[in-house]
Structure formats: structure tokens, C-alpha cells
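Working notes, beginning with the structure itself.
The values are calculated or read from the model by the stated rules, or taken from the named source; none is laboratory data. The structure displayed is predicted, hence computed values, not measured ones. Cβ placement follows ideal geometry from the backbone for every residue including glycine, while neighbour counts extend to all protein chains displayed. Surface areas here come from the heavy atoms of the whole protein model, side chains and all, with no ligands, DNA or RNA. Shrake-Rupley method; radii C 1.70, N 1.55, O 1.52, S 1.80 Å.
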Amino acid sequence: MVRRFWPWILLIILLGVGLGRLRFDADVLHLLPEDLPVVRGLRLQQRYFAASRELVITVAATDSERATTAARQLSEALAGRRDLVGGVRWQPPWNERPEDGLENLAWMWLQQPPEALTALSARLSPARLPLELASAREVLGTSLDPQELARTGYDPLGLTRVPGGGGSAGGWNEGTGIFVSGDGTFRLVFVEPATTNLSYREAGVWLETLRELAEGAVPEDVRLGFTGSPAFVAEISGGMERDLRSSVLSTLMLIAALFWAAHRTWRPLGWLVLSLGLTLLVTLALGGLFLGTLNVISVGFAAVLMGLAVDYGLVSYQEAVAHPGVGPDVIRRVVARGIWYKAGTTAGTFLLLGFAGLPGL
């Protein structure tokens with residue numbers, strides 16, 4: 001008895017393994033052609049640079065003081081959730097940790113051409129150093145520029161004047177950089193997730209949790225916005241999942257409605273819907289077993305697959321209605337050739353999609 005059913009048991013085990021390995025890829029960049037240089041560049045940036053994984057929270061207020069206070073409160077509230085947040089930045093790092101700014105400044109000098117480093121070494125030589133300090137003293141005694149006075153007082157040797165940096169090292173004079181608008185009423189807060197490589201579902205849950213924390217940390221009149229890679233992944237991938245789910249379910253409901261309108265019977269309709277569900281389940285299990293990861297665009301063809309598979313069921317049922325009393329084996333022999341021809345041409349058509357430029361296909 002067991003020998004009779006062992007092929008089915010083996011098949012069920014393999015399908016279970018396939019469903020266990022199945023993963024859905026909803027990364028937008030994976031939907032684009034791999035041979036495009038801009039796509040390859042964006043993938044490398046997202047993989048190796050932390051900024052590409054950061055959530056950007058925009059803070060807008062009626063005046064600069066309220067915007068600064070709200071950004072500080074938001075940063076402190078999020079920084080306390082180490083289970084969710086790996087790091088928060090609402091102002092240039094050197095404003096809070098000058099030692100980090102010095103490391104960044106040294107790195108910027110090391111990226112300069114050899115002649116620039118040679119000139120810096122000459123300025124800092126023992127013979128030249130007294131002249132540099134005397135020049136700085138003269139600037140402090142004669143200059144009328146407040147920024148010049150402040151910078152020279154803290155940096156008499158001009159180490160923050162990195163060549164090619166617009167006169168200073170990346171906005172050190174202003175101390176704000178890209179974190180705040182000109183009028184101060186609009187600020188940016190950068191939030192890095194505590195966990196890297198979030199799936200699109202995990203990114204959606206993480207984003208909603210942070211949204212609740214952020215809205216509770218600032219006054220009601222402060223407007224918050226959310227953008228960046230986690231927000232894009234959660235919004236676009238979640239929308240694609242909803243669209244695919246609605247597509248499959250609406251296709252199944254439409255098939256059931258048309259079958260009921262034509263035949264007015266429940267039992268074959270139930271078997272038809274069950275067979276379509278099993279067809280979809282087995283197809284996904286085989287995809288997980290042999291491929292591991294399926295692109296959501298590929299899964300989107302499930303609605304097309306169900307629309308094609310129902311044709312085979314309808315043809316078989318119509319033959320059974322036209323020949324009452326005939327067993328299933330006879331019906332299968334009658335319709336088998338046409339179904340195999342149709343299935344073969346359909347498979348060939350889908351096979352050609354594998355040579356298309358979109359990897360999702």
C-alpha cells in the first residue's frame with residue numbers, strides 16, 4: 001500500500017521544500033535590464049554605501065527655531081530605539097563629534113594630488129610655520145569678515161581649506177551642509193536601520209513603526225515627510241504585491257462567475273477553482289525548488305497562467321457534458337492531443353520571454 005503512494009509522498013515533500021525555499025524579489029532595480037551601466041552603478045551604491053540604505057525624514061516648521069528643536073527632539077527619540085535604529089544624523093557629524101570631523105578632514109587631504117600635499121607639507125615645515133602664524137595673526141587683527149575671523153581663530157594654519165572644497169572642507173564654515181535649507185525652516189534627518197538587507201515586508205513594518213515614533217516625538221504643527229530607499233522599497237514593493245494579489249483573486253473570481261453564468265452548477269465549479277489553486281501552488285513550489293527566488297513580475301503571470309489553465313478544464317468539462325456516462329479516461333483521451341498542443345505552444349511563448357531585456361520576465 002505504501003509503495004503505491006510513495007511517488008505522491010515524494011512529490012509532496014519536494015513541493016514542501018520548494019515552498020520553503022521560495023523567496024519573492026521586489027527590488028525595483030532587479031526589474032531593470034542588467035546591461036545598463038546606470039543600473040549596475042545604482043546596485044553597487046545600494047550594496048556598499050550606507051547612505052543608500054538610510055531613511056530620510058524631512059522636518060518642516062514655520063520658523064527655523066521650531067524646525068531645529070523638532071529635528072533635535074526627533075533625533076533623540078529615534079536614537080533611543082537601538083532595536084530599530086543603527087544611527088541618526090540631523091546635523092553635520094563634526095558639530096557633535098569633532099574628532100570624527102578631523103578624521104574626515106585627514107581623509108580629504110589624502111585624496112588630493114601629490115603637489116597639494118607637497119605644498120601643505122612646505123607650509124607646515126619648521127622654517128615656514130612662524131610666517132603662517134604671523135599671517136593668521138594679521139588676518140585676526142585686520143579682517144572685517146566674521147566667518148574669516150571665526151575660521152582663522154580656530155584654524156590658524158588653514159587645514160580646513162582643502163583644495164577644490166570651495167574654500168573650506170565641505171561646508172565647515174556654515175556647519176549645516178545639506179541638513180537645513182537656507183531659511184532654516186526645512187531640515188533633514190537621516191536614519192539608518194539597525195538591521196541591514198531588510199526585505200520589502202520588513203521595510204514596511206520598520207517604516208510604519210518609525211513613522212509612529214516620529215509623529216509622537218514632534219509637535220503637531222511640524223510636518224514630517226519620509227523618503228529614501230526604505231520608503232521606496234516599502235511603498236513600491238508593497239503596491240506591487242497588492243496589485244498582484246488583486247490581479248490573481250479578481251481573475252479567479254471572474255472565472256468562477258463566468259463558469260456559473262454558463263453552466264449553473266456548483267460541484268464542477270468547486271473542482272475547477274480547487275484545481276486552479278493547486279496549479280498555482282505547484283508552480284510556485286517548482287519555482288522555489290529550482291530557482292529559489294522569483295521576481296514579482298514573474299509571479300504576476302500567475303493571472304495569465306490561471307486564465308490559460310482554466311481553458312483546459314472547461315474543454316474537458318464540456319466534453320464530459322456532451323458525452324454523458326463516459327468515464328474520465330475516455331474524456332482525457334479525447335482532449336489530450338489538443339491540450340498538449342496548446343500547452344506546448346504556450347510554453348514556447350513563455351520561453352521566449354526569457355530572452356527579453358527585463359530580468360523580471
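Just subtract the alpha-carbon distance of A136 and R4 from 0.36 nm times their residue separation and send over the number in nm, one decimal.
So the extension gain works out to 38.1 nm.
Could you give the longest part of the chain that holds none of the chymotrypsin sites (Phe, Trp or Tyr not before Pro) found in DSSP loops with at most 12 neighbouring Cβ atoms within 10 Å?
Working: sites that count: F49, W266, F355.
In short, 50-265.
What nm distance separates the two modelled labels at L110 and T293, each placed 7 Å from Cα along Cα→Cβ?
Label-label distance for L110 and T293, simple model: 3.3 nm.
Hey, what angle do you get for helix 114-123 against the long axis of the chain, alpha-carbon based, 0 to 90 degrees rounded to 10?
Helix 114-123 sits at roughly 30 degrees to that axis.
Leaving out ligands, DNA and RNA, and with a 1.4 Å probe, what % of the accessible surface on the chain is carbon or sulfur?
In the chain, the share of accessible area belonging to carbon and sulfur is 64 percent.
Just grab the label-to-label distance for E235 and Y341, each label 7 Å out from Cα along the Cβ direction, in nm (one decimal).
Placing both labels 7 Å along Cα→Cβ, they lie 5.1 nm apart.
Could you sort 68-76, 272-280 so that the peptide with the highest average Cβ count within 10 Å comes first and the rest follow in order?
68-76, 272-280
Tell me whether the stretch 243-298 comes out rounded, prolate or oblate; compute the Cα gyration tensor, take square roots of the eigenvalues as a ≥ b ≥ c, and use a/c under 1.5 as the rounded threshold.
Since a/c reaches 1.5 but b/c is at least a/b, the shape of the stretch 243-298 is classed as oblate.
Give the residues of the stretch 109-134 whose amide nitrogen is closer than 16 Å to a point set 7 Å from the Cα of S143 in the direction of its Cβ.
132-134
For L352 and L14, compute 0.36 nm times the residue count separating them, minus their Cα-Cα distance, and round to one decimal in nm.
Working: separation 338, 0.36 × 338 = 121.68 nm, distance 2.73 nm.
Length gained between L352 and L14: 119.0 nm.
In percent, how large is the relative contact order of the chain, given Cα pairs closer than 8 Å and 6 or more residues apart?
32 percent
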